[in-house]
Amino acid sequence: MRERIVVAAVQLSSQAEVGENLRRAGVQVAEAARRGAQVVVLPENFAFMGGGDEERLRVAEDLSSPEPGPIRTWLGETATAHGVWILAGGLPERSSDPARVHNTFAVVAPDGGITATYRKIHMFDVEVGDGQRYRESASCMPGDKAVVADVAGARVGLSICYDVRFPELYRALVTKGAEVLVVPAAFTLLTGKDHWHVLLRARAIESQCYVIAAAQWGSHPRGRRTFGKSCVIDPWGEIIAQSSEGEGLATATLDPAYLEHVRSSLPSLTHRKLNVPDA
């Protein structure tokens with residue numbers, strides 16, 4: 001990271017109507033830009049949340065197509081209009097499987113171009129006791145690559161929601177040079193109240209990175225409820241900004257001098273023992 005960066009984590013309550021979701025996301029991006037944000041992070045499922053598998057397949061887009069769909073078009077136009085980086089953390093992308101999509105993170109530069117993509121690796125196949133049964137793998141094809149992108153002069157590690165429970169992914173991102181970790185999410189209300197902050201702070205502390213976590217909040221189609229609490233966490237594990245209830249923003253400034261201070265005063269990343277033999 002070369003200099004200070006103002007970032008914003010957007011909190012949304014996305015539903016099943018893509019056009020309305022994009023309109024509401026646009027309001028938050030505009031407000032983030034007004035506050036001076038250079039990097040704006042959108043939550044998982046920002047453009048589409050709810051609906052059945054067939055509907056998700058219908059709205060999925062080919063991000064490499066010369067004729068972009070409405071989500072890709074909106075991302076490019078919105079980034080350009082406000083002169084910001086948009087980290088679009090989780091949109092339905094067409095895959096090689098006609099029955100499944102990728103849950104894809106797109107990095108969009110201020111000129112509107114996509115500079116990097118990450119496809120969610122860990123599928124949320126669980127029953128957490130909230131009356132919902134989650135089988136993400138039934139409708140989503142997992143990715144298989146850890147991705148670090150150059151964003152506004154910083155090395156940014158990409159992840160999505162359930163990934164946060166797998167520290168080995170973040171270790172791989174740090175090995176690739178990550179200074180900032182981004183976790184867009186649609187964390188369930190039940191798991192969020194117990195695990196959201198704990199996991200995010202752990203990833204920040206062990207990786208000695210800033211963490212930007214943009215979240216869904218509230219009630220969504222098909223009975224789903226999400227926790228919210230979008231936040232920014234510093235490399236010492238302190239929450240330095242957080243959204244309240246409802247849609248809104250958590251904004252903060254990332255400081256390269258503080259990042260360097262943490263890493264040099266407690267140089268745990270240099271103390272790693274990767275090949276510990278069996279006893």
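Numbers at a glance
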| read-out | value |
| --- | --- |
| Proximal charge balance of residue 227 [Cβ under 13 Å; K/R count +1, D/E count -1] | 0 |
| Qualifying chymotrypsin sites (Phe, Trp or Tyr not before Pro) in the range 28-137, DSSP loop, other Cβ atoms within 10 Å at most 12 | none |
| Taking 163, 150 and counting other C-beta atoms within 10 Å, the order from fewest to most | 150, 163 |
| In order through the range 264-278: 3J(HN,Hα) via Karplus (6.51 cos²θ - 1.76 cosθ + 1.60), integer Hz, x for Gly, Pro | 8, 7, 9, x, 5, 5, 8, 9, 5, 10, 7, 10, 7, x, 5 |
| Residue-wise HN-Hα coupling along the range 165-171, computed from phi with Karplus coefficients 6.51, -1.76, 1.60 (Hz; x: Gly, Pro) | 7, 10, x, 5, 5, 6, 5 |
| Over the chain: Rg over Rh, Cα atoms, Kirkwood Rh | 0.95 |
| Other-chain or far-sequence residues with amide H under 5 Å of residue 155's (modelled H) | 179, 180 |
| Note, ³J(HN,Hα) from phi for the range 94-102, Karplus 6.51, -1.76, 1.60, rounded to Hz, x at Gly and Pro | 4, 10, 6, 9, x, 9, 9, 10, 8 |
| Cα Rg over Rh - the range 161-279, Kirkwood | 1.03 |
| Low-density loop cleavage sites - trypsin sites (Lys or Arg not before Pro) in the range 157-255, where at most 13 other Cβ are within 10 Å (DSSP) | 176 |
| Placed amide H near residue 187: partners under 5 Å, 5+ positions off or other chain | 216, 227, 228 |
| Sorted by Cβ density within 10 Å, fewest first, the residues 254, 249 | 249, 254 |
| Built amide H within the under 5 Å cut-off of residue 112, gap 5+ | 80 |
| Least to most buried among 67, 93, 17 (fewest other Cβ within 10 Å first) | 67, 17, 93 |
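Quick note: the coordinates plus some simple rules give every number you see, no bench work behind them. Model, not experiment: these values are computed from the prediction. Note: ideal-geometry Cβ built from the backbone for every residue, glycine included; neighbour counts use all protein chains shown.
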